[in-house]
Amino acid sequence: MNTETFWNDIYRQGSPTTSGRPGLIVAQFAGPLASRTALELGCGKGDGAVWLARQGWAVTAVDVSTVALSLAAGNAEAAGVAERVRFEAHDLATSFPAGTFDLVVASFLHSPQDWPRAEALIRAAGAVARGGHLLVVEHGSRAPWSWSAEDTRFPTAEETVEAMRLPLTLGASVACARSRGWPRGRMGNPPP
Ligand SMILES: C[S@@+](CC[C@H](N)C(=O)[O-])C[C@H]1O[C@@H](n2cnc3c(N)ncnc32)[C@H](O)[C@@H]1O
């Protein structure tokens, strides 16, 4: 199954609404920054993008799933920030949004498909404006209700940084974090 079809099916089966809350690591990282331009890769239903827009950021939010993007656009509208979020459909395996941004976020940008994720993250680093920030957040473990196979192992922050082969000349900060993961059997919102 191709990536767009896979994620469209996931989002069709889920609730269209959003918690309106970004991941805790995203909020902790972006909260203190001056609100300028932000790019979110794999925005899903727009929790992070809507929150960033509410903090005053001008956000470009990208996902492969057109279903997710339309849910995210509805959530941005409902939150009164539609004019601050631009949604773009990209399969990051093959295309990438144009421009540079003061903050680029890839939060839980995981997928069961075999795709060149490291290449997308390298492009993400290249899309950070001079003096800006890239934040990559990895799942700490598989959620009990997850789409992922039971033996899925997500990369550590160190493995992700290594895979990105960042040049020493990069004029941006790069932060890579991993959520604590889900305690066995826990349901509800993910922990930080
Ligand atoms: C696990 S969800 C995370 C959603 C959101 N960032 C969050 O933190 O809740 C992964 C998201 O990445 C998107 N995605 C997966 N592979 C992608 C690709 N190749 N190009 C663009 N988006 C992709 C999926 O559609 C999905 O919305």
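Out of the residues in the range 12-28 meeting the condition of being closer than 16 Å to Leu41 by Cα and touching a Leu at 6+ places or on another chain (Cβ under 8 Å), tell me which one is farthest from the ligand (Cβ to nearest atom). Ranking the candidates gives Ile25 first. Scanning the range 9-26 for residues that are surrounded by fewer than 17 Cβ atoms within 10 Å (Cβ to Cβ), at pLDDT 90 or above and out of contact with any Phe, Trp or Tyr (no Cβ under 6 Å at 6 or more places or on another chain) yields Asp9, Arg12, Gln13, Leu24. Filtering the range 146-167 to residues that are of a type in the set (A, V, I, L, M, F, W, C) and closer than 10 Å to Ala118 by Cβ leaves Ala163, Met164. Taking the range 56-66 as the range and being within 14 Å of the ligand (Cβ to nearest atom) and either crowded, with 19+ Cβ neighbours inside 10 Å or in a loop (DSSP other than H, G, I, E, B) (or both) as the test, the residues that pass are Val59, Thr60, Ala61, Val62, Asp63, Val64, Ser65. Considering only the range 3-17, state which residues are within 16 Å of Ala89 (Cα to Cα) and either under 17 Å from the mean Cα position of the chain (by Cα) or in contact (Cβ under 8 Å) with a residue 60 or more places away in the chain (or both). The answer is Thr3, Glu4, Phe6, Trp7, Asn8, Tyr11.
For the range 47-55, the condition holds for no residue, the condition being that it is more than 12 Å from the ligand (Cβ to nearest atom), part of a strand (DSSP E or B) and at pLDDT 95 or above. Gly31 meets each of the listed conditions (1) surrounded by fewer than 16 Cβ atoms within 10 Å (Cβ to Cβ); (2) farther than 18 Å from Val137 by Cβ; (3) modelled with pLDDT of 95 or more apart from (2).
The values are calculated or read from the model by the stated rules, or taken from the named source; none is laboratory data. Computed from a predicted structure; not experimentally measured. Glycine gets a Cβ as well: all are built from the backbone with ideal geometry, and neighbour counts include every protein chain shown.
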